[in-house]
């Protein structure tokens, strides 16, 4: 029996035909079932490796170009945005080193954050995670993080809600940044009240010692990127960073979709 020649091109022809078939299949599917924007549900075009958004939502959900403090992500004068800390966080003891967000918790970004708290909007959370990853690529941290960790929910709250927006954001962000992710590294110990309903001092008490690191992980000297949906007083990020630093992490960075400057 004569062996097939390595130059006969059969595998190449198969891959070419498979690619053409996939292009035709995608075109037919898009014609019969036009892609819908994951934010407003309007028709939109589908682009590989891009959030499934219409043009209007894409403009509204882009990362803000306004200068922000690298430490707490609050708006600040351009002269302070280069180094920080700004007047908002100067003198505060924060156990995370730097923070990045897409913009203020207002308008379209606020509506998007409210939507991704529901399981039906997980595709929107995925798109926001991609945008957040690109924001970090444009404004990198002082040192590159080594892996990604979402802020966890108490297991019963997660069960009742059906999803954890922070986890969906983190999975999408990690994929773009090509970083490993540990979704179960941080554990929430107890049922937490909604931070948005509490005043500043109540927020800190609500999350104090609420998180611990799973015994299955060793994170000594690791640089960790912590992901959440909203950053307000920084109480949640601070206490989650406390648990990570106590377990040996060298540094903790924070990424969130929105930065809220409003407190009840």
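The values are calculated or read from the model by the stated rules, or taken from the named source; none is laboratory data. These numbers come from a predicted model, not from an experiment. Using ideal geometry, Cβ is built from the backbone for each residue, glycine included, and neighbour counts are taken over all protein chains shown.
Results for (1) buried (at least 21 other Cβ atoms within 10 Å of the Cβ); (2) under 25 Å from residue 105 (Cα atoms); (3) within 19 Å of the chain's Cα centre (by Cα), shown as yes or no for each residue.
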{"position": "152", "(1), (2), (3)": "yes, yes, yes"}
{"position": "173", "(1), (2), (3)": "yes, yes, yes"}
{"position": "180", "(1), (2), (3)": "no, no, yes"}
{"position": "235", "(1), (2), (3)": "yes, yes, yes"}
{"position": "245", "(1), (2), (3)": "no, no, no"}
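Would you be able to tell me the number of residues in segment 240-264 that are in contact (Cβ under 8 Å) with a residue 40 or more places away in the chain and farther than 18 Å from residue 170 by Cα? Step through it out loud before you land on a result.
Let us first name the residues in segment 240-264 that are in contact (Cβ under 8 Å) with a residue 40 or more places away in the chain, namely 240-245, 251-264.
Those left that are additionally farther than 18 Å from residue 170 by Cα: 242-243, 245, 260-264.
Residues flagged as in contact (Cβ under 8 Å) with a residue 40 or more places away in the chain and farther than 18 Å from residue 170 by Cα within segment 240-264 amount to 8.
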Problem - Matching option when the condition is under 15 Å from residue 230 (Cβ atoms), at pLDDT below 95 and surrounded by 15 or more Cβ atoms within 10 Å (Cβ to Cβ), among 166, 74, 63, 99 - result: 74
Handout entry: Any hit, segment 250-258, residues being in a loop (DSSP other than H, G, I, E, B), surrounded by fewer than 21 Cβ atoms within 10 Å (Cβ to Cβ) and at pLDDT below 95
Key = no
Exercise for the section: Name, by its number, the condition in (1) free of Cβ contacts under 8 Å to residues at least 40 places away in the same chain; (2) in contact with a strand residue (DSSP E or B) (Cβ under 8 Å, 6 or more places away or on another chain); (3) on the phi > 0 side of the Ramachandran plot that does not hold for residue 41. Expected result: (2)
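Within 11 Å of the chain's Cα centre (by Cα) and in contact (Cβ under 8 Å) with a residue 12 or more places away in the chain: is that true of residue 137 in this structure? Steps first, answer last, please.
Numbers: within 11 Å of the chain's Cα centre (by Cα): no; in contact (Cβ under 8 Å) with a residue 12 or more places away in the chain: yes.
No: the conditions fail for residue 137.
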Exercise for the section: Please enumerate the residues belonging to segment 195-209 that are over 14 Å from residue 95 (Cβ atoms) and buried (at least 21 other Cβ atoms within 10 Å of the Cβ). Expected result: 203
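Restrict the check to segment 188-198 and report whether at least one residue is under 22 Å from residue 123 (Cβ atoms) and in contact with a strand residue (DSSP E or B) (Cβ under 9 Å, 6 or more places away or on another chain). Break it down into steps so the answer makes sense when it comes.
From segment 188-198, those under 22 Å from residue 123 (Cβ atoms) are none; that's our starting set.
No, segment 188-198 has no match at all.
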Completion exercise
Turns out the strands (runs of 3 or more DSSP E) fully within segment 79-198 with at least 3 residues that are over 20 Å from residue 222 (Cα atoms) are 98-104
Fill in the blank from the handout: Quick count over segment 212-233, residues being more than 26 Å from residue 121 (Cα to Cα) and either within 22 Å of the chain's Cα centre (by Cα) or surrounded by 18 or more Cβ atoms within 10 Å (Cβ to Cβ) (or both), is 8
